[in-house]
């Protein structure tokens, strides 16, 4: 079986593709990229690493990150791409120390945007060998080191899971897993394009996340196609600019998240008067988080003037533990299924008059060499239209979490991954419902946070992804209550906050038949997210209880914030 090094060698020998980095507006041939990898490999080899040593890469999406990733694999080192910041409430030194407990880093390379003061502080607090990439210049070897002979079972990546439910775990990703997944991506996409292979790809999602790693580095190397790479900041500053670039580069494959599409919907109309913007080649895959039927319909409508065909908008479902995708939609327009859910998990197809109907977007069919099953609490498989935990079996599945045997045993058994996601099957297609940890049950009714947050974020005064719905027990009554954390405007008066709270409460009651017991207007950055954009609701909830989230304190308003302490609303 092949390894990543075989794919890159093939690209060097048989390719004229170019890689363009949007942030710097620089373009490189595959040959130039190969010379950079030689240079990076020589620097790493000068350190005298042993094969399978771990190298942490705290680098933004850039040619430097691509160069050091490939250099690690050339030397059969294990690359560990890490996010460049850990969020408002987490000390980054603690994050690095936690990762080091499983990885035992030999070296950590930092992005040029990270200050020398921060690097010095991290060194002091962790005791790790942390270097700034621009000044990392050990005496290099006189020539590029030879390519190490890696085996398919060797570790290539430690991929830290997104951390949506707690501290991320280090997922072992082998060369074999990667090659198998790349073959599945190629097969699935080529099938959806009636046998036409990818000629130009693009990615902005962070490379330290599995979707960004595969779509931003591995697949374009494997396929040998032209590639456009940007940072998440580049996309978020101006989503319309990104789609204009996709047109200019004639991109036919790119991935995106539901929340990123929400941001794009607010700016894409700027492109309507530009007759040169043509997305008719583009196939856009939505993944990494739940897809909203409402957002999907808006995307189909607002991107139509730019010639993005509805049948070119696809869905995909996957996990870091499966080295990315497990299912994807095939040809045709994405299916939206209207259902009602019974208390026993029974799923019934709904009609337009059902007041409790919800709409779910298909996550497509299982990829080749994949088996997706839905199972009950006793680990028994369930039939179609029965809600349960999604399980995955495949040739891309991780052997486990690095140096975490208990976590491995809890999630992986008999070659099967228990995802912790709730969903059901219908006509061979998977429908994702919710994370088990996110599901809220009040009064016997299932409440999906994303559905209510979608309603809330539809108001102009709410930022995209700026809300988080939580449940907290009232210690006086013993009842679970709904609390909404909302990134507000610090300049709002008390009466303005009161008006917004009333507007949101009435909307949620009218649309979802659910009562918001409290709305907490908090500063921007309070809604912590994972690297893929998922809201860390469990972490946000605990911070609210621990009084680490501080709501605005408007003066003389009549809307005085309530204190939250130990699950008690006072």
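Report whether or not residue 250 is modelled with pLDDT of 95 or more, part of a helix (DSSP H, G or I) and either in contact with a strand residue (DSSP E or B) (Cβ under 8 Å, 6 or more places away or on another chain) or surrounded by fewer than 16 Cβ atoms within 10 Å (Cβ to Cβ) (or both).
Values: modelled with pLDDT of 95 or more: yes; part of a helix (DSSP H, G or I): no; either in contact with a strand residue (DSSP E or B) (Cβ under 8 Å, 6 or more places away or on another chain) or surrounded by fewer than 16 Cβ atoms within 10 Å (Cβ to Cβ) (or both): yes.
So residue 250 does not fit the description; no.
At least 2 residues that are closer than 27 Å to residue 152 by Cα in each: list the strands (runs of 3 or more DSSP E) lying fully within the stretch 356-398 that qualify.
370-375, 388-394
Can you go through 79, 17, 22, 45 and tell me which one is touching a strand residue (DSSP E or B) at 6+ places or on another chain (Cβ under 8 Å) and at pLDDT below 95? I'd like the intermediate steps shown before the answer.
Numbers: 79 fails: at pLDDT below 95; 22 fails: at pLDDT below 95; 45 fails: touching a strand residue (DSSP E or B) at 6+ places or on another chain (Cβ under 8 Å).
One residue alone meets the criteria, 17.
Hey, any hits in the stretch 171-183 for a residue that's at pLDDT 95 or above, part of a loop (DSSP other than H, G, I, E, B), in contact with a strand residue (DSSP E or B) (Cβ under 8 Å, 6 or more places away or on another chain) and over 20 Å from residue 223 (Cβ atoms)?
no
Considering every residue within the stretch 422-441, establish whether at least one is in a strand (DSSP E or B), surrounded by 18 or more Cβ atoms within 10 Å (Cβ to Cβ) and free of Cβ contacts under 8 Å to residues at least 40 places away in the same chain.
The answer is yes, given that some residue of the stretch 422-441 is in a strand (DSSP E or B), surrounded by 18 or more Cβ atoms within 10 Å (Cβ to Cβ) and free of Cβ contacts under 8 Å to residues at least 40 places away in the same chain.
Give the number of residues within the stretch 515-541 that are more than 30 Å from residue 325 (Cα to Cα) and surrounded by fewer than 19 Cβ atoms within 10 Å (Cβ to Cβ).
4
To keep it simple, each residue is scored yes or no on (1) buried (at least 24 other Cβ atoms within 10 Å of the Cβ); (2) in contact with a helix residue (DSSP H, G or I) (Cβ under 6 Å, 6 or more places away or on another chain); (3) on the phi > 0 side of the Ramachandran plot.
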| residue | (1), (2), (3) |
| --- | --- |
| 172 | no, no, no |
| 177 | yes, no, no |
| 191 | no, no, no |
| 202 | yes, yes, no |
| 222 | yes, yes, no |
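Every residue in the stretch 462-478 that is out of contact with any helix residue (DSSP H, G or I) (no Cβ under 6 Å at 6 or more places or on another chain), touching a residue at least 12 places away in the same chain (Cβ under 8 Å) and either in a loop (DSSP other than H, G, I, E, B) or under 20 Å from residue 524 (Cβ atoms) (or both), please. It would help to see each step written out before you state the result.
Keep residues of the stretch 462-478 that are out of contact with any helix residue (DSSP H, G or I) (no Cβ under 6 Å at 6 or more places or on another chain), which gives 463, 466, 471-478.
When the remaining residues are screened for being touching a residue at least 12 places away in the same chain (Cβ under 8 Å), the result is 463, 466, 471-476.
463, 466, 474, 475, 476, listed by residue number.
Consider residue 151 carefully, then state whether it is surrounded by fewer than 21 Cβ atoms within 10 Å (Cβ to Cβ), over 28 Å from residue 470 (Cα atoms) and either at pLDDT 95 or above or out of contact with any helix residue (DSSP H, G or I) (no Cβ under 9 Å at 6 or more places or on another chain) (or both).
no
Among the residues of the stretch 109-128, what is the count of those that are free of Cβ contacts under 8 Å to residues at least 24 places away in the same chain and not in a loop (DSSP other than H, G, I, E, B)?
6
Checking the structure you have, find out if any residue of the stretch 442-460 is under 21 Å from the mean Cα position of the chain (by Cα), surrounded by fewer than 17 Cβ atoms within 10 Å (Cβ to Cβ) and assigned to a loop (DSSP other than H, G, I, E, B). Please lay out each step first, then the result.
Step one: list which residues in the stretch 442-460 are under 21 Å from the mean Cα position of the chain (by Cα), which gives 448-454, 457.
Filter again for surrounded by fewer than 17 Cβ atoms within 10 Å (Cβ to Cβ), leaving none.
No, the stretch 442-460 contains no residue that is under 21 Å from the mean Cα position of the chain (by Cα), surrounded by fewer than 17 Cβ atoms within 10 Å (Cβ to Cβ) and assigned to a loop (DSSP other than H, G, I, E, B).
Filter the stretch 12-29 down to the residues that are touching a residue at least 40 places away in the same chain (Cβ under 8 Å) and either in a strand (DSSP E or B) or buried (at least 21 other Cβ atoms within 10 Å of the Cβ) (or both) and list them by number.
Of everything in the stretch 12-29, those that are touching a residue at least 40 places away in the same chain (Cβ under 8 Å) and either in a strand (DSSP E or B) or buried (at least 21 other Cβ atoms within 10 Å of the Cβ) (or both) turn out to be 18, 19, 20, 21.
Here is a list: 106, 131. Which entry is in contact with a helix residue (DSSP H, G or I) (Cβ under 8 Å, 6 or more places away or on another chain), at pLDDT 95 or above, outside any helix (DSSP H, G or I) and surrounded by fewer than 19 Cβ atoms within 10 Å (Cβ to Cβ)? Break it down stepwise before answering.
Details: 106 fails: in contact with a helix residue (DSSP H, G or I) (Cβ under 8 Å, 6 or more places away or on another chain).
Exactly one residue qualifies, and that residue is 131.
Checking the structure you have, find out if any residue of the stretch 514-535 is assigned to a helix (DSSP H, G or I) and closer than 25 Å to residue 212 by Cβ.
Among the residues of the stretch 514-535, not one is assigned to a helix (DSSP H, G or I) and closer than 25 Å to residue 212 by Cβ, which makes the answer no.
For residues in the stretch 62-72 being more than 20 Å from the chain's Cα centre (by Cα) and under 16 Å from residue 150 (Cα atoms), which is surrounded by the fewest Cβ atoms within 10 Å (Cβ to Cβ)?
The qualifying residue surrounded by the fewest Cβ atoms within 10 Å (Cβ to Cβ) is 70.
Checking residue 506 against (1) in a helix (DSSP H, G or I); (2) modelled with pLDDT under 90; (3) out of contact with any helix residue (DSSP H, G or I) (no Cβ under 7 Å at 6 or more places or on another chain), only one condition comes out false. Which one?
Every condition holds for residue 506 apart from (2).
Any residue at all in the stretch 48-61 that is modelled with pLDDT under 90, within 14 Å of residue 107 (Cβ to Cβ) and over 27 Å from the mean Cα position of the chain (by Cα)?
Yes, the conditions are met somewhere in the stretch 48-61.
Go through the stretch 73-99 residue by residue and tally those that are in contact (Cβ under 8 Å) with a residue 40 or more places away in the chain, in contact with a helix residue (DSSP H, G or I) (Cβ under 9 Å, 6 or more places away or on another chain) and not in a loop (DSSP other than H, G, I, E, B).
Residues flagged as in contact (Cβ under 8 Å) with a residue 40 or more places away in the chain, in contact with a helix residue (DSSP H, G or I) (Cβ under 9 Å, 6 or more places away or on another chain) and not in a loop (DSSP other than H, G, I, E, B) within the stretch 73-99 amount to 7.
The values are calculated or read from the model by the stated rules, or taken from the named source; none is laboratory data. No experiment lies behind these values; they were computed from the predicted model shown. Please note: Cβ atoms are built from the backbone with ideal geometry, for glycine as well, and neighbour counts cover all protein chains shown.
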